Amino acid sequence: MTVGKFTERLAHVPTGPGVYLMRDVGDGIIYVGKASNLRNRLRSYFVPDHHDDLKTRVLVSEIREFEFIVTESEQEALILECNLIKEYQPRFNSRLKDDKSYPFIKIDNTEAFPQVYITRNVQNDDAQYFGPYANAGSVRKTLGLLKKLFPYRSCTKIITGTDDRACLDFHINRCIGPCIGAASKDQYRDIIDQVILFLEGNTSQIVGSLKKRMDHSAESLEFEKAAVLRDQIRSIQKVHEGQKVLTLKPENIDVVAGSLWSNDAWIEIFFIRQGKLIGRDSYLMEVGQHDDIQSVQNAFLQQFYEVAPYVPPIVLTQMPVGEEDEQITEFLSTKRGSTVRLYKPIRGEKRKLIEMVSHNAREGLDQHRVKKFARLSQDDSALKELQEALNLPRLPDRIECYDISNIQGSNAVGSMVVFEKARPKNSDYRRFQIKNVDGVDDYSMMREMLTRRFKRLIEKKVEHTSWTKDPDLVLIDGGKGHLGVALQVFLELGVTDIPLASLAKENEELFVPYMQESIALPRNSHALFLVQRARDEAHRFAITYHRNKRSKVAFKSTLDSVAGIGPQKRKALLKGFGSLKNIRAAGIEELTQIEGITTKLAEKIKDTI
């Protein structure tokens, strides 16, 4: 890099805030940075022999061109820097891996009977968002806990209050039944308010409110209702007692620490609300060339809180933020709407918090290293990718895929194919003859098939067969409508621990319950190839069964139209000639060789078919 060639350009760089981009000899962007004074910051790079740290020396040696973007404020520069790092992924910048795919819990307050969604798209609307959640199981675990504690609805139907019957959730006190008019909007809203308070860590306020309602129900002689509230209070108190008390003061704090190895950094963040640890998450960072743990930590703070909907008043860090302290603190304060303290504690209880989170980060990185060194086949990679994409609670070792085949509603059949360890398991394939649906109604056909299959799973009447094996993922061939049918079957049967997804063929999009947006896997993804294989195999198996059934029906109906031909004579003809085509080609004398076929009956056969 020739310093002199930039001298004149640097003199004309603005002195205000902005973002700068460094390019290498191949015109690729290798670094993105921000500055409160663009001219001073850029000049600092091109001062000969004045760089103490290795990263800057190596970076400067590779710079062949630079450009900049002027912003109105330092906060705007910080946000733009984060966006440009996501877009260009420069190798000298540390960044969150797959940061665009982190899920949130969403509660849409504009709905009359709000649902509790999983979403990846945080919008500036009236909804409340909780997250982001990092690892595959964290959202699902949280939703599972919420559903046990609070009886909000799991269905996605339009609530009118006039349904004839409620699903199983209502009968086991997991839903207060707004669909059948058992609860008003205000009563349901109280449940959602409790969910929000719990996610915010205010369990004491929830328990106080529930105790008042329990006492009122008991005084009104509504003892069954009081008993339900009592059990709910006990469950919440049990969770509350299990939350480790970490601080003497009822403070809201985030604690951030990390561990660095090679090109990876493992970041742990613990969420403390009202002085109790209510949750934690871990994030994998891709480390910029020659970055240290402080640089990685600061990059995490900017990128995590850019998408996080909530910023606590205190953020504890493993390392001092350094020269970026003022900018990041101002950014967090602006995001929160009030002052945020960002610092590394050096003594006392908060120092112990940092040490605990740092220890967890080291352990997490060790586990990541073990996994990274392990040799994984492509099939293992596909299963892991699918688990992460769908937020599955466990690796989908057993996948069951379902499809329907019919022509204008006739000869309708269903198929169940099984993949174990990403390989077809033909011995566990099953076929279904649709018996109770007339006309063209794919949804009802899917409902009948899934109901029959999962009733067998629940009842476990047939031992040691594929009917009694729990799938790790149920995949439906279809879009949101087919997924909704499957979810309703699960709710009615009380199936709560088997993940569901559907694959729509038009855009090869995946849909999962309680999530509005589709999931689009990368086109070169092993996981996409796996679900496509399962879908195509289910389709092939259903089509084959449908064709066989259709041909048998065609053969049967043609011979049955001949007066005097019953089941025994039809069977004898088929055994003697093998097919309807051979029967048509046979002469009268050949036909009469079959027992029971007279000359007169043979003539009728020739005249009819």
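Inclusion of Phe271 among residues that are aromatic (Phe, Trp, Tyr), at pLDDT 85 or above and more than 30 Å from Lys55 (Cα to Cα) is warranted.
Select from the range 579-594 the residues that are loosely packed, with under 12 Cβ neighbours inside 10 Å and among the charged types (D, E, K, R) and list them in ascending order. Correct list: Lys581, Glu589.
In this structure, Ser415 qualifies as at pLDDT 85 or above, of a type outside the set (Asp, Glu) and crowded, with 17+ Cβ neighbours inside 10 Å. A count restricted to the range 468-481 and to residues that are assigned to a helix (DSSP H, G or I) and surrounded by 19 or more Cβ atoms within 10 Å (Cβ to Cβ) stands at 0. Do we have Val228 as at pLDDT 90 or above, more than 22 Å from Arg140 (Cα to Cα), outside any loop (DSSP other than H, G, I, E, B) and of a type in the set (A, V, I, L, M, F, W, C) here? For Val228, the condition - at pLDDT 90 or above, more than 22 Å from Arg140 (Cα to Cα), outside any loop (DSSP other than H, G, I, E, B) and of a type in the set (A, V, I, L, M, F, W, C) - is not met.
Given the criterion modelled with pLDDT of 90 or more and aliphatic (A, V, I, L, M), identify the matching residue among Leu332, Leu284. I'd like the intermediate steps shown before the answer.
Values: Leu284 fails: modelled with pLDDT of 90 or more.
It is Leu332.
Annotation note: of Ala265, Ala308, the sole residue that is crowded, with 21+ Cβ neighbours inside 10 Å and either within 15 Å of Leu96 (Cα to Cα) or not charged (D, E, K, R) (or both) is Ala265.
Within the range 148-206, can you find the residues that are among the small types (Gly, Ala, Ser) and either part of a loop (DSSP other than H, G, I, E, B) or over 19 Å from Arg234 (Cβ atoms) (or both)? Walk me through how you get there before you give the answer.
Step one: of the range 148-206, the residues among the small types (Gly, Ala, Ser) are 154, 161, 166, 177, 181-184, 201, 204.
The answer is Ser154, Gly161, Ala166, Gly177, Gly181, Ala182, Ala183, Ser184, Gly201.
Residue pairs whose Cβ atoms lie under 8 Å apart, separated by 6 or more positions or on different chains, with the first residue in the range 390-419 and under 20 Å from Asp380 (Cβ atoms) and not assigned by TED's automatic domain parsing to the domain that holds Asp470 and the second at pLDDT 85 or above and not in a strand (DSSP E or B), do not occur. Within the range 136-158, residues that are not assigned by TED's automatic domain parsing to the domain that holds Leu491 reach partners that are in a loop (DSSP other than H, G, I, E, B) and at pLDDT below 75 with beta carbons closer than 7 Å, at six or more positions or on different chains, in the pairs Val139/Tyr133.
Run down Gln205, Gln187, Gln128 and say which single residue is out of contact with any strand residue (DSSP E or B) (no Cβ under 6 Å at 6 or more places or on another chain) and under 30 Å from Phe270 (Cβ atoms). If you could, list the steps in order and put the result at the bottom.
Values: Gln187 fails: under 30 Å from Phe270 (Cβ atoms); Gln128 fails: out of contact with any strand residue (DSSP E or B) (no Cβ under 6 Å at 6 or more places or on another chain).
Matching residue, one of Gln205, Gln187, Gln128: Gln205.
Restricting to the range 268-295, what's the tally of residues that are charged (D, E, K, R), surrounded by fewer than 18 Cβ atoms within 10 Å (Cβ to Cβ) and not in a strand (DSSP E or B)? Looking only at that region, the number is 1. In the range 316-329, the residue that is modelled with the highest pLDDT out of those that are over 25 Å from Arg91 (Cβ atoms) and assigned to a helix (DSSP H, G or I) is Thr329.
For the range 301-315, check the following and say yes or no: at least one residue is more than 25 Å from the chain's Cα centre (by Cα) and either polar (S, T, N, Q) or assigned to a strand (DSSP E or B) (or both). Within the range 301-315, one or more residues are more than 25 Å from the chain's Cα centre (by Cα) and either polar (S, T, N, Q) or assigned to a strand (DSSP E or B) (or both). Taking every residue in the range 491-509 that is outside the structural domain of Ser154 (by TED's automatic domain parsing) and among the charged types (D, E, K, R) and pairing it with any residue that is crowded, with 19+ Cβ neighbours inside 10 Å and outside any strand (DSSP E or B), at least 6 positions away or on another chain, the pairs with Cβ-Cβ distances below 6 Å are Glu492/Cys167.
A Cβ distance below 8 Å, combined with a sequence gap of six or more or placement on separate chains, defines the contacts here; from the range 248-261, residues that are under 30 Å from Ser94 (Cα atoms) reach residues that are of a type in the set (D, E, K, R) and part of a loop (DSSP other than H, G, I, E, B) in the pairs Leu260/Asp292. Put simply, of Tyr133, Tyr129 the only residue that is modelled with pLDDT under 85, among the hydroxyl-bearing types (Ser, Thr, Tyr) and in a loop (DSSP other than H, G, I, E, B) is Tyr133.
Annotation note: Cβ proximity below 6 Å between a residue of the range 185-209 that is touching a residue at least 12 places away in the same chain (Cβ under 8 Å) and a residue that is hydroxyl-bearing (Ser, Thr, Tyr) (sequence gap 6+ or interchain) occurs for Ile191/Tyr152. For the range 365-412, the candidate set comprises residues that are in a strand (DSSP E or B) and at pLDDT 85 or above; within that set, the residue that is farthest from Leu143 (Cα to Cα) is Ile404. Can you name every residue in the range 595-609 that is loosely packed, with under 13 Cβ neighbours inside 10 Å and of a type outside the set (Val, Ile, Thr)? Those that are loosely packed, with under 13 Cβ neighbours inside 10 Å and of a type outside the set (Val, Ile, Thr): Glu595, Lys600, Asp607.
Is there a residue being out of contact with any strand residue (DSSP E or B) (no Cβ under 7 Å at 6 or more places or on another chain), of a type in the set (S, T, N, Q) and either buried (at least 19 other Cβ atoms within 10 Å of the Cβ) or more than 21 Å from Ile191 (Cα to Cα) (or both) anywhere in the range 86-98? No, the range 86-98 contains no residue that is out of contact with any strand residue (DSSP E or B) (no Cβ under 7 Å at 6 or more places or on another chain), of a type in the set (S, T, N, Q) and either buried (at least 19 other Cβ atoms within 10 Å of the Cβ) or more than 21 Å from Ile191 (Cα to Cα) (or both).
The values are calculated or read from the model by the stated rules, or taken from the named source; none is laboratory data. What you are looking at is a predicted structure, and each value in this text was computed from that prediction instead of being measured. Note that each Cβ is placed from the backbone with ideal geometry, even for glycine, and that neighbours are counted across all protein chains shown.
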